[in-house]
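Each remark here refers to the structure printed beneath this line.
Since every read-out is calculated from the coordinates, none of them should be taken as a lab result. In this text, all values refer to a predicted model and were calculated from it rather than measured experimentally. Heads up, the Cβs are rebuilt from the backbone with ideal geometry, glycines too, and the neighbour counts pull from every protein chain shown.
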Amino acid sequence: MFIKTKISRFFSTAAAAVCLISGVKLAPMQFTTDAADELTAFEITEAMQLGWNLGNTLDSYDGNLPSMGLEAETKWGNPVTTKEMIDTVKAKGFNTVRVPVTWFQHVDKNNGYKIDDAWLARVKEVVDYCYDNGMYVILNLHHEEPYQNRSTLGADYEEITGYVSALWKQIAEAFKDYDQHLVFETMNEPRATGTDHEWWGPTKDEVDTINKINADAVNVIRGVDSPYSDSRLIMIPGYCASSDTTMMAGVVVPDDDYVAVSVHAYSPYGFAMDDKIADHSTFTTAYSNELTTILDGIRKTFGDKDIPVVLGEFSASNFGNTDARVEWAEAYIKTTKEMGMPCVLWDNNVIANNGGEAHGYLDRKNCTWYEASEPVVDKMVEVMNDKSVVWGSARKSPVIEHDDITTGKQIIDKTYNIDASVENGNCTPGLDVSWADLKDGDVAIKFTGDIPVIAVCDADWDDWTEIKHYDVDEEKGIAYYSSQHIAAAWEGKNRDVKDIAHLFARTNGKTSITAIAIIGEGKGDITDPPEDDTKVYEISMADRKGSDKLTFVIEGDAGSTTNGCVGYMGDDWTSLEWEGKIASDGKLTVEVDISSIPASISSAQIQIWWCDDKTAEMTSYSFGNEIQPPTQEPTSNPSEKIAYGDVNCDGEVTVADATLLLQYLGNRDKYTITDAGKLNADVDGESGLSAVDALVIQQLDAGVYTMEQIPLSK
C-alpha cells in the first residue's frame with residue numbers, strides 16, 4: 001500500500017427517434033459568460049455548474065472483438081445519441097455534458113494508434129450537439145482496459161503513456177479550434193484491474209505511473225498549436241478517481257493554472273449504490289454526516305490548496321426511494337455548490353434496480369425524464385437556482401488562527417530526523433511535559449516530510465497514547481495537536497491527565513522536526529483529528545516465561561494484505577514490524593521474534609496499521625503456550641459512557657443502529673462509526689464487532705431483550 005501525506009505540485013447510422021422536449025416545472029438555471037473572454041480555471045468550474053453524463057453510449061465496447069465501428073454506440077442498449085436528447089438536458093437546467101468515450105477498439109495499433117476517422121467524426125458530432133448549445137463539454141478516455149487499466153499498471157508506464165499520449169495528440173488537434181467550453185479529461189478511473197487491490201490500496205509504482213501519465217497528457221495537449229492550448233481546462237484523476245482521502249493524497253497536480261482534479265463520489269456508498277443493504281428508504285442523519293465528511297475531505301485535499309475539483313461522476317441508484325434520493329440530492333448539491341465543486345450526474349439510462357447501477361434519469365428513447373428520477377433532478381436544479389446558496393462561499397475550510405510557534409514554551413532545542421524504516425528511529429526521545437503545561441493549549445510541531453503524530457505516557461513510561469493533528473499549515477510546515485484531544489485519548493484509558501509526564505513525536509515515514517512548542521489553543525472551529533485506522537491490542541508479557549517468539553492470529557477476509565508492529569516502551573518506544581496476507585480460511589498466523597524485548601517489559605501492544613479488510617481483528621496470541629484473547633478492544637477514545645445498542649449515537653436504540661453496524665461491517669471504506677459508537681455496538685458478549693451484535697440490537701429494539709440484559713453474558 002502506498003500512502004502519501006500531502007499533495008505535490010511539480011513543474012514540468014441508425015435512424016433516431018424524434019424526441020419531444022419534456023415539460024419542466026422549474027426554469028433552467030442560467031449562467032452566461034462571454035466566450036470571447038478568457039476565464040480562469042475556477043471561473044470555468046463555476047460556469048460548468050451542474051452536469052450530466054452521456055453514460056454507457058460512446059463508452060460502450062465489446063471485449064470479445066478486436067475492433068468495432070459506429071455500432072459500438074448502441075452496443076450496451078442505449079439508442080443513438082441525438083441533438084434532441086441534448087436539447088432536453090439543456091432545457092432541464094444542466095450546463096455541462098460529459099461525453100465518455102472508449103477509443104481502443106477504434107484505433108490502429110500498428111499505425112501509431114491512429115483513431116478511425118469515422119469514429120472521431122461521430123464523437124465530434126455528439127460534442128457539437130452540446131457545444132453548439134453553449135454548454136460545457138468534458139471529453140475523455142474512458143474504458144481503455146487493454147492499454148490503460150491493467151494488472152501490471154505499475155510496471156507498464158512507457159507502453160501506457162505511449163498510447164494515452166498518442167490519442168490526446170490526435171484529439172487535441174481535432175478540437176483545437178474549440179474554446180474553453182471544451183474540457184479534456186486525461187483518463188477515467190485508472191487502476192490495476194484484475195488485482196486484489198483494484199479499488200483500494202494502490203502500490204507506489206501504480207500511483208507514480210498514473211501521475212506521470214497525467215503529466216505527459218497535459219504536456220501533449222499544451223503542445224498542440226491551438227489558441228486555447230494554454231487555457232483549456234484539463235481534468236486529471238488519481239487512482240480510480242477515488243474520493244478516499246488516502247488515495248486523493250497521492251495525486252500529483254502539475255504546476256499548471258488550468259488543471260483540475262477529477263473525482264468520482266457515489267456517496268455515501270451505502271445509500272447510493274450498495275444493493276446488499278435491504279432498506280434505502282431513508283436518507284438518515286448518519287448518511288448525511290458521512291456525505292459531509294467525504295466532501296469535506298475533498299475540499300481539504302484540494303480546495304484548501306487552490307486546486308479546482310470537478311466531481312465527474314455522482315449519482316444515487318434508484319431503489320424505489322425517490323423521496324430519500326431527493327433529500328440526498330439537496331444535501332449533495334447544496335454542499336458542493338458552497339464548496340465550489342461542479343457535479344456531473346452519471347446517467348446510464350437504467351431505471352430498474354441493476355445491482356446498485358440503476359442510474360436512469362433521462363428516458364433517451366422518448367426524451368422525457370423518468371418519473372422515479374425527475375424529482376431528484378428537479379431538486380438539484382432548484383438548489384442551483386437558489387441564490388441564498390452561494391457558489392464557492394465555503395470553497396476553503398474554516399481558518400483556525402494559531403499563536404506563533406516561537407511564542408510558546410519551547411520543549412526541544414535541536415533538530416530530530418526520524419525515520420520509520422530505521423530500527424528504533426521512528427520517534428524522538430521522550431520530552432518532559434505535564435498536564436499543567438498542556439492544559440488549554442496546543443502542541444505545535446514545525447516539520448518537513450511526513451506529518452508526525454504525537455504520543456504521551458506517564459512517568460513510568462506506561463500507557464503510550466497517540467494523538468493525530470487537527471490542523472496543519474502546509475506553507476509554514478507546522479502541525480497542531482489539541483490538548484482537548486490529548487485529554488480525551490488519555491482519559492479513554494481511565495487515566496488522570498495529571499499523570500501525563502512525557503511527550504514524543506513519531507513518524508510513519510521520514511520526518512525532520514525543528515521545533516516543538518506548547519502554545520495557546522487555536523481560535524476557530526477545532527475539528528476532530530483525522531480518523532486513525534490503527535488497531536491497538538494490549539498484551540501482557542507476564543506469560544512470556546523466557547520465550548523469544550510471539551504468535552498471534554489475525555482474522556478477516558481471505559486474500560487481504562495487512563501489516564503492523566509489536567510495540568513496547570523501554571527507554572524509547574520500540575516497534576517490531578510484521579506483514580502478511582490472510583489465508584483462504586480467513587486467518588493469518590504471525591510469528592514475531594521478540595528476543596530483543598527486555599525481560600523487564602511487562603506489557604506491549606500488537607498494532608494493525610493496515611488491512612484491506614477494515615473489519616479484520618487480532619483474535620488471539622501466545623508465547624508458545626495457551627492462546628490468549630486480546631485484553632483490550634481497539635479504540636482511541638472509549639471515555640464516554642457506554643450506551644449499548646446506540647451505534648449512531650443519536651440517543652435511541654432502533655433498527656437504524658443495527659443497519660449502520662451491518663453497513664460498517666460490510667464496507668468500512670464507505671461507512672464510519674465513531675469510537676463511542678463502536679463501544680455501544682459491542683452487545684453480544686463476545687469481544688469485537690460482528691453481525692451477531694447487529695442481530696442482538698434488532699432483538700433489543702423488538703423487545704426480545706431489555707437494556708438490563710445487555711451486553712449479553714457468555
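Quick rundown of the values:
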| item | result |
| --- | --- |
| Separation of the residue 155 and residue 475 label points, Cα + 7 Å toward Cβ, nm | 4.5 nm |
| Whole-Hz couplings from phi, Karplus 6.51/-1.76/1.60, listed for the range 108-121; x for Gly and Pro | 9, 5, 8, 9, x, 6, 5, 6, 4, 4, 5, 5, 4, 5 |
| Hits among aspartates and glutamates - C-alpha to C-alpha of residue 545 under 19 Å, sequence gap 8 or more where chains match | 591, 593, 626 |
| Given 409/523; 396/476; 204/587; 396/446, the pairs whose alpha carbons are separated by over 21 Å | 204/587; 396/446 |
| Reach of residue 276 by Cα under 16 Å, taken over lysines that are not fewer than 8 positions away in the same chain | 670 |
| Rounded Å value of the spacing that divides the Cα centres of the range 643-663 and the range 482-506 | 29 Å |
| Efficiency of FRET between residue 404 and residue 43 - r from beta-carbon atoms, R0 41 angstrom, step 0.05 | 0.70 |
| Residues of type lysines that residue 83 reaches as a straight line, Cα spacing below 24 Å, ignoring anything fewer than 8 places off in the same chain | 25, 75, 92, 124, 176, 365 |
| Using a Förster distance of 22 Å, the FRET efficiency for residue 691-residue 587 (Cβ separation, nearest 0.05) | 0.75 |
| Length added when fully stretched, residue 365-residue 212, from 0.36 nm per residue minus Cα-Cα | 51.0 nm |
| Cα centre as origin, Lys/Arg/Asp/Glu Cβ charges: the chain dipole, Debye | 1040 debye |
| Residue-averaged [θ]222 nm for the chain, counting only DSSP H segments that reach four residues, each worth -39500 (n - 2.57) | -7000 deg cm²/dmol |
| Inter-label distance, nm, simple model (7 Å from Cα along the C-beta direction), residue 245/residue 389 | 2.4 nm |
| Rounded Å value of the spacing that divides the Cα centres of the range 389-441 and the range 321-343 | 35 Å |
| Other-chain or far-sequence residues with amide H under 5 Å of residue 182's (modelled H) | 137 |
| Net length gained if the chain between residue 620 and residue 173 were fully extended (0.36 nm per residue, minus Cα distance) | 154.7 nm |
| Order by protection proxy (mean Cβ within 10 Å, highest first), peptides 409-416, 70-77, 44-51, 514-521 | 44-51, 514-521, 70-77, 409-416 |
| Residues residue 110 and residue 70, FRET efficiency given R0 of 22 Å [Cβ-Cβ distance, rounded to 0.05] | 0.55 |
| The range 516-605 shape via C-alpha gyration tensor axes, a/c threshold 1.5 | oblate |
| Difference of contour (0.36 nm per residue) and Cα-Cα distance, residue 421 to residue 196 | 78.5 nm |
| Prolate/oblate/rounded call for the chain, Cα gyration tensor, a/c under 1.5 rounded | prolate |
| Cα gyration tensor, the range 39-385 - rounded (a/c under 1.5), prolate or oblate | rounded |
| Trypsin sites (Lys or Arg not before Pro) within the range 541-631, DSSP loop, no more than 14 other Cβ atoms inside 10 Å | 545 |
